[in-house]
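A.B. asks: Dropping the structure in here first, questions after.
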Amino acid sequence: MKILKTIFTLLLVSLFTISCSSDDGTNGTNGVDGQPGATGATGTANVIYSAWLTAPVAAAETVDGTSGMSTSLVVPELTDDILSKGTVLVYVSFGSGTFSLPYTSTAGGFVNTITAVSTLKKIKLFRFRHDQGGTVNLPTSLSWRYILIPGGVAAATSKTAKLDYSKMSYQEVCAHFNIQQ
């Protein structure tokens with residue numbers, strides 16, 4: 001009798017479970033599902049970018065014990081929040097193309113690097129020779145552009161990794177944020 005009660009109980013539980021499945025009805029409202037809308041244009045999502053700028057005349061300066069030439073761009077939109085949570089990209093453009101900073105080249109027969117140092121409301125452009133044998137000028141004929149990408153919400157997991165904009169080319173960044181080149 002005990003075995004019969006156990007079998008009967010299992011049969012009732014099985015029937016109850018099967019009869020309560022969600023597969024026997026329609027979900028949502030009755031009617032035809034709506035069609036998905038067209039994909040919208042990529043927006044700039046609060047991204048700030050400058051026009052192509054000419055920097056003031058450079059002057060000799062020593063930064064962290066390295067002699068070089070420097071000048072600065074005034075960037076009123078460069079806030080503490082962007083400095084601490086966002087991304088600052090700087091590009092230089094001249095006859096042979098557009099390049100992200102830091103940019104290393106051979107000018108005047110010497111290997112040198114142009115780099116950008118971002119501080120509150122200012123981006124310092126600094127050019128130094130690798131051999132520390134003097135300086136290489138930062139001519140006013142160079143054009144500069146900055147792109148400020150405010151920080152968003154921190155990623156919850158490594159699966160939602162943030163794009164590294166500094167590893168993207170100028171053209172890729174412009175395409176991603178719909179920036180006119």
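A.B. asks: Restricting segment 107-147 to residues that are farther than 17 Å from T62 by Cβ and not in a strand (DSSP E or B), which is modelled with the lowest pLDDT?
C.D. replies: G108
A.B. asks: Would you call S50 modelled with pLDDT under 90 and within 22 Å of Q171 (Cβ to Cβ)?
C.D. replies: no
A.B. asks: Does L73 fit the bill of being surrounded by 19 or more Cβ atoms within 10 Å (Cβ to Cβ) and either over 18 Å from the mean Cα position of the chain (by Cα) or part of a loop (DSSP other than H, G, I, E, B) (or both)?
C.D. replies: Judged against the criteria, L73 is a match.
A.B. asks: While we're here: Just need a number here: residues in segment 80-106 that are assigned to a loop (DSSP other than H, G, I, E, B) and buried (at least 16 other Cβ atoms within 10 Å of the Cβ).
C.D. replies: Going through segment 80-106 one residue at a time, the tally reaches 2.
A.B. asks: Does segment 107-133 hold any residues that are among the small types (G, A, S) and surrounded by 13 or more Cβ atoms within 10 Å (Cβ to Cβ), and which are they?
C.D. replies: A107, A116, S118
The values are calculated or read from the model by the stated rules, or taken from the named source; none is laboratory data. Everything numeric in this text was worked out from a predicted model, so none of it was measured. Counting neighbours? That spans all protein chains shown, and the Cβs are built from the backbone with ideal geometry, glycine included.
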